[in-house]
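What follows is a single structure, written as structure tokens, with notes after it.
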Amino acid sequence: MSEGLEVQGLSHFYGSKKALNDISFSVHKGTFCALLGPNGAGKSTLFALLTRLFVPSSGEINISGENLLKNPRHTLSKIGVVFQQPTLDLDLSVYQNLTYAAALQGLSGLEASQNIHDALTQLGMQERAGEKVRGLNGGHRRRMEIARALIHKPEVLLLDEATVGLDAQTRSMITSYAHQLVEKEGLTVLWATHLVDEVLPDDQLIILHNGIVLKNDICKKITGKKSLGKTFAELIESHSS
Amino acid sequence: MKHTITSTWAIIKREALRFVSQRGRFIASLVRPLVWLIVFAAGFRAALGLSITPPYETYITYEVYIVPGLCGMVQLFNGMQSSLSLVYDREMGSMRLLLTSPIPRWWLLFSKLLAGTLVSIIQVYCFLTLAAIAGITFPVYGYLLALPVLLLNGLMLGALGLFLSATIKQLENFAGVMNFVIFPMFFLSTALYPLWKMAEASVLLRDICAWNPFSHAVEMLRFALYGQFNSLTFVVVLLSLAVFFLASVLGYDPVRSGLARKAK
């Protein structure tokens, strides 16, 4: 099976502080991979490196077979990103925000309109296309950010704490939708979270703590008969000094 | 190529939409120079005598003298305000959308710069219209020849702001830098007084004004408004643009960028 995402020997420093310490993992194409870690584990740093917001101190990143560091433009066009922080323009409408994002991906005219329509329809946001983002609630804004990340039909979708601050029902809806994207569209999804209830037993699970990968396997293989919550807490405790 | 043009157009359109939706910003951009023109210039007209210096061929009123400087002020404030929005965008996250798109980063920054400059040109022409209503007019061809100069000046001042936004990590710090950049740049220039007048007060001040790129931006516009081209000012502004823009590109380079320190 080919790799959707491959990280090898990745390290990153903030000054003298090591945020990521020689981490390696791969996610097969068409796989949902949860990246679980407490706050400060290095998840956001990893996402910043995967999106080339900055360049790693050492290591390699391959996305759908393309090397991000050697061929950033082509590689970035293969990923869709939902950041932890809101990145929408509140003064523009839903449609204007999406048109802007589409143009940044090189889409315009009919192709952009069609893709925006598809993305909004899939997320049940078609009716709200003309509304200003400022008037949307947190759940709708998040859905919109996902729609935006899918506009250019990426092969890999990166979501960094995409459900932070949302109610349980909306969180569940968004998590289910991300799983559907994997099953129906064959997308590779990397889902960073610190909430154990967002991970399903059959998901690939990477547990990150203090910048190192503690576990990387199918969730149910990691947990065995225990709950993920208990397994996670024990792992973090045993590696905290 | 099509991709980069599409993205540039989108960035310009977004900036225009934001400008239209922020009426307060537009009004403030006009009120500021108008207050200077109506209140400040009225007071100084009596106190300050102006001799005939190029490009003027006759005696002029002080209001006529400061209009190019106030146009520069509009662009200086707009350049800094655009940069302020970049710091805000970066703190709030929306800058990440731009920086993670598959377009060369220097081109994205240039597009952002161009978008802000076009908005500032609209502001300047609105101000010039109000000045004309107040009786301060220039030759018709002057208004046309001012356009490329305003484009170059806007890019240079915007690039300075862009460079500052790349080096400033927090919005609070940026507000402080605005005070240390905008006011010295404006007051230590030929926007309000000609160089010879400054030399009467202090030769050192005159020299500082003569080195200030903003002085050259103002003088280039002053000459253009009378249909004249001043090659020295053009070269200085062009070089300043190149230096500031290069520094901005390096500042936003993911290898060197301080963005890394703000990742959390």
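The values are calculated or read from the model by the stated rules, or taken from the named source; none is laboratory data. As the structure is a prediction and not an experimental result, all values here were calculated from the model. Every residue, glycine as well, gets a Cβ built from its backbone with ideal geometry; the counts of neighbours run over all protein chains shown.
Determine if region B:137-145 includes at least one residue that is buried (at least 21 other Cβ atoms within 10 Å of the Cβ) and of a type in the set (S, T, N, Q). No - not one qualifying residue is present in region B:137-145. All told, B:Ser111 meets the bar of being among the hydroxyl-bearing types (Ser, Thr, Tyr), touching a residue at least 40 places away in the same chain (Cβ under 8 Å) and over 25 Å from B:Phe223 (Cα atoms). Answer yes or no as to whether A:Leu205 is in contact (Cβ under 8 Å) with a residue 40 or more places away in the chain, in contact with an Asp or Glu (Cβ under 9 Å, 6 or more places away or on another chain) and either over 30 Å from A:Thr99 (Cβ atoms) or crowded, with 17+ Cβ neighbours inside 10 Å (or both). Criteria met by A:Leu205.
Highlighted here are the helices (runs of 4 or more DSSP H) found entirely within region A:30-123 that include at least 1 residues which are away from chain B (no Cβ under 13 Å): A:94-104, A:109-122. Selection of helices (runs of 4 or more DSSP H) fully inside region B:1-116 by the criterion of at least 2 residues being of a type in the set (Gly, Ala, Ser) returns B:2-21, B:23-35, B:41-47, B:62-92. Within region A:69-95, residues that are free of Cβ contacts under 8 Å to residues at least 12 places away in the same chain have Cβ atoms under 6 Å from residues that are not in a loop (DSSP other than H, G, I, E, B) in these pairs: A:His74/A:Glu66, counting only partners at least 6 apart in sequence or on another chain. Tell me, yes or no, whether region A:169-180 has at least one residue that is within 14 Å of chain B (Cβ to nearest Cβ), out of contact with any Leu (no Cβ under 9 Å at 6 or more places or on another chain) and surrounded by fewer than 18 Cβ atoms within 10 Å (Cβ to Cβ). Looking through region A:169-180, none of the residues is within 14 Å of chain B (Cβ to nearest Cβ), out of contact with any Leu (no Cβ under 9 Å at 6 or more places or on another chain) and surrounded by fewer than 18 Cβ atoms within 10 Å (Cβ to Cβ). Of the helices (runs of 4 or more DSSP H) lying entirely inside region B:181-264, those carrying at least 3 residues that are among the aliphatic types (A, V, I, L, M) and at pLDDT below 85 are B:195-201.
Of all residues in region B:1-39, those that are away from chain A (no Cβ under 14 Å) and touching a residue at least 12 places away in the same chain (Cβ under 8 Å) total 8.
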